[in-house]
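**Q** Here it is, the structure in full.
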Amino acid sequence: MIKIKYLGHSAFMIESSEGTILIDPFITGNPSATCEVRDLKPDGILVTHGHGDHIGDAINISKETGALIVAPFELATLVQKKGANSHPMHIGGGRKFPFGYVKLTQAFHGSGFDDEGSMVYTGQPCGFLIHVEGKWIYHAGDTALFGDMKLIGDRFPLDLALLPIGDNFTMGPEDAAYATKLLRPKVVIPMHYDTWEVIAQDPEAFSTMVDQAVTKVEIINPGEDYSLNF
Ligand code: NI
Ligand code: MN
C-alpha cells in the first residue's frame with residue numbers, strides 16, 4: 001500500500017514498499033508545515049525547481065541523511081556543489097531508482113535559486129511521474145495549464161495527480177479542473193494553496209468543478225495522510 005503524506009504547500013512524502021520519496025520539502029519557513037525537518041528520513045528527494053518554496057530543506061536533508069536529490073541537471077549540479085548528494089535528469093528522461101521509477105515532465109514556470117540574495121538560474125522547472133508498486137503518480141510542480149497534459153494522461157494511466165490550484169504563480173482552480181480533465185487520474189489532490197494570502201483558495205470550489213465520475217477529489221490538510229489502496 002502506498003501512503004501519501006501531505007506536508008503542506010507542494011511537499012509530499014510518498015511511502016511504499018520500494019522506499020520513501022520526499023517531494024519539494026519546504027518545511028523551514030512554511031507557515032503550513034506541521035512536521036520537523038529532523039523527522040524526515042527519505043531515500044530520495046525529488047525537487048521540481050529552484051524556488052525556495054520547493055527546494056526548501058532539500059540540501060540539508062540530503063546532507064543529514066545521505067538521501068539522493070533528483071532534479072533537473074542545472075539544479076542537481078547546484079545542490080551537489082553545496083554538498084548534497086544528487087542525480088541529474090531532464091525533461092522526458094526516466095530512470096529506475098531503488099525507491100521507485102521517476103520520469104521528468106515539462107512544467108511552465110521559472111526556476112531560479114536565491115543564493116544568499118542573488119538569483120542563480122537553475123534551468124527548466126519540471127513535474128515528476130513516479131511509478132511505485134505498479135501505480136502512477138504525477139506531481140505537476142509549479143505550472144500553468146498546458147495542452148500536453150492530455151499526452152501525459154494518454155501515455156500513463158494515472159492513479160493520482162497532485163496539482164497546484166493557488167493561482168497567481170500557477171494554475172488556479174478552474175485551470176486545475178481543466179488539467180484534471182486532460183490527465184484523467186483516478187484521484188486528484190490539490191496543493192500549492194493557502195500557504196500565503198496571495199494563493200488563498202477554496203479547495204471545495206475546485207472540487208465542484210471536477211467531474212467526479214472520472215476523478216475523485218481528495219482534499220487533505222497539511223499533516224494528514226491519504227492511502228492509495230485501490
Ligand atoms: Ni515556483
Ligand atoms: Mn511555488
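Every residue, every condition in (1) of a type in the set (Phe, Trp, Tyr); (2) closer than 23 Å to HIS49 by Cβ; (3) under 16 Å from the mean Cα position of the chain (by Cα); (4) within 16 Å of ligand 1 (Cβ to nearest atom), yes or no:
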| position | (1), (2), (3), (4) |
| --- | --- |
| GLY153 | no, yes, no, no |
| LEU158 | no, yes, yes, no |
| ALA176 | no, yes, yes, yes |
| LEU183 | no, yes, yes, no |
| VAL214 | no, no, no, no |
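**Q** Give the range 203-223 a look and list any residue that's among the acidic types (Asp, Glu) and either in a helix (DSSP H, G or I) or surrounded by 13 or more Cβ atoms within 10 Å (Cβ to Cβ) (or both), or say none.
**A** Passing the criteria: GLU204, GLU218.
**Q** Hey, among ALA67, ALA107, which residue is crowded, with 24+ Cβ neighbours inside 10 Å and farther than 24 Å from ILE152 by Cβ?
**A** None of the others qualify; the one that does is ALA67.
**Q** Quick one: how many residues across the range 194-203 are without any contact (Cβ under 8 Å) to a residue 60 or more places away in the chain, of a type outside the set (A, V, I, L, M) and in contact with a strand residue (DSSP E or B) (Cβ under 9 Å, 6 or more places away or on another chain)?
**A** 2
**Q** Considering only residues that are of a type in the set (A, V, I, L, M) and part of a loop (DSSP other than H, G, I, E, B), which ones fall in the range 176-202?
**A** ALA200
**Q** Right, something else. Could you give me the residue pairs with C-beta distances under 6 Å whose first residue belongs to the range 164-193 and is farther than 22 Å from GLU224 by Cα, whose second residue is among the acidic types (Asp, Glu) and open to solvent by 10 Å² or more (accessible area, probe 1.4 Å) wherever it lies, and which are 6+ apart or on separate chains?
**A** none
**Q** Looking at the range 114-139 only, could you name the residues that are surrounded by 15 or more Cβ atoms within 10 Å (Cβ to Cβ) and under 17 Å from HIS90 (Cβ atoms)?
**A** THR122, GLY123, GLN124, PRO125, CYS126, GLY127, PHE128, LEU129, ILE130, HIS139
**Q** Output the residues belonging to the range 72-98 that are touching a residue at least 40 places away in the same chain (Cβ under 8 Å), open to solvent by less than 30 Å² (accessible area, probe 1.4 Å) and within 20 Å of PHE26 (Cβ to Cβ).
**A** PRO72, LEU75, LEU78 - these are the residues of the range 72-98 that are touching a residue at least 40 places away in the same chain (Cβ under 8 Å), open to solvent by less than 30 Å² (accessible area, probe 1.4 Å) and within 20 Å of PHE26 (Cβ to Cβ).
The values are calculated or read from the model by the stated rules, or taken from the named source; none is laboratory data. Keep in mind it's a predicted model, so treat the numbers as computed, not measured. Positions of Cβ are generated from backbone atoms using ideal geometry, with glycine treated the same way; all protein chains shown enter the neighbour counts. Just the protein is used for accessible areas: all its heavy atoms, side chains included, with ligands, DNA and RNA removed. Shrake-Rupley method; radii C 1.70, N 1.55, O 1.52, S 1.80 Å.
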